[in-house]
Structure formats: C-alpha cells, structure tokens
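Visitor: Before I ask anything, let me first share the structure, which is written out below as structure tokens.
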Amino acid sequence: MSDSRSVFVLVVDDTPENLLSVSVLLQAPGRTIVTAVSGEEALEKVGLHDYAVALLDVQLPGLDGFAVAERIRAEPASKHLPIIFVTGMRKTDVPPKVVPVPMLDLQPSAVPGVEAF
C-alpha cells in the first residue's frame with residue numbers, strides 16, 4: 001500500500017496550528033506527512049503505511065497519546081514504530097505510571113512553547 005519512494009511520517013495533534021507547524025517543519029523531498037486529529041484517527045491511519053516515525057500529542061481528546069502508543073505497540077505490524085511524544089506539558093508533569101512506553105530524555109521542540117520527549 002505504501003509508496004516505496006517516500007518516507008512516511010505520522011503526526012497526531014488535535015490543534016490545527018500545531019499540526020500545520022510540525023508538518024511544515026518536517027516537509028522534505030521524498031517525505032510524506034500524514035496527519036490525524038485524534039487518537040482514534042491515528043490508529044486508523046497507522047496501518048495504511050510503513051511509517052518511519054510517529055509524533056504524538058500527549059493531550060488528545062478521547063484516547064490520549066499514551067493510550068494510542070500502547071495500542072500501536074500491541075500490534076505486531078507497528079510495535080517497532082518509533083514514537084516521539086510532543087506536548088506542551090513538562091516531562092515532570094507526566095505521572096510515571098501513565099507512561100506505557102519508556103521515555104529516555106526530554107528534547108526541546110522546534111515549535112515554540114511545545115516540548116517533545
């Protein structure tokens with residue numbers, strides 16, 4: 001189903017401005033940015049392509065980014081998909097017990113006011 005000449009990146013955020021900002025920052029020749037505005041939509045789209053990486057907002061309506069990551073990891077076809085959480089929250093604000101996948105480090109986001117970890 002995937003175009004073998006393109007690298008696919010999944011970007012999930014319920015804020016249109018954030019989706020646009022991240023998509024523009026990631027645009028490059030040979031790269032296809034696929035967006036979703038909810039956790040449910042992300043789960044529908046994750047099976048459409050062989051993604052190089054997924055960027056997930058933590059605070060989504062319905063299924064949050066952690067629940068989406070947990071479901072992605074539960075599927076054999078996507079369990080090795082690299083996931084980067086993108087959020088306005090500080091890492092210290094995220095209770096450790098709600099994180100279903102290990103977070104190695106907090107990295108500054110390229111979007112002002114948004115942190116990625």
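Please treat every number below as a calculation from the coordinates, not as lab data. Bear in mind that the values here come from a model prediction, so they are computed numbers and not experimental data.
Visitor: Report, by chain and number, residues whose modeled amide H sits under 5 Å from the one on V11, excluding near sequence neighbours (fewer than 5 apart, same chain).
Guide: V34, T35, A36, L55
Visitor: From the square roots a ≥ b ≥ c of the eigenvalues of the alpha-carbon gyration tensor of the stretch 16-94, which class results: rounded (a/c under 1.5), prolate (a/b over b/c), or oblate?
Guide: oblate
Visitor: Which whole-angstrom value gives the distance between the alpha carbon centres of the stretch 18-33 and the stretch 43-65?
Guide: If we compute the Cα centre of each part, the gap is 15 Å.
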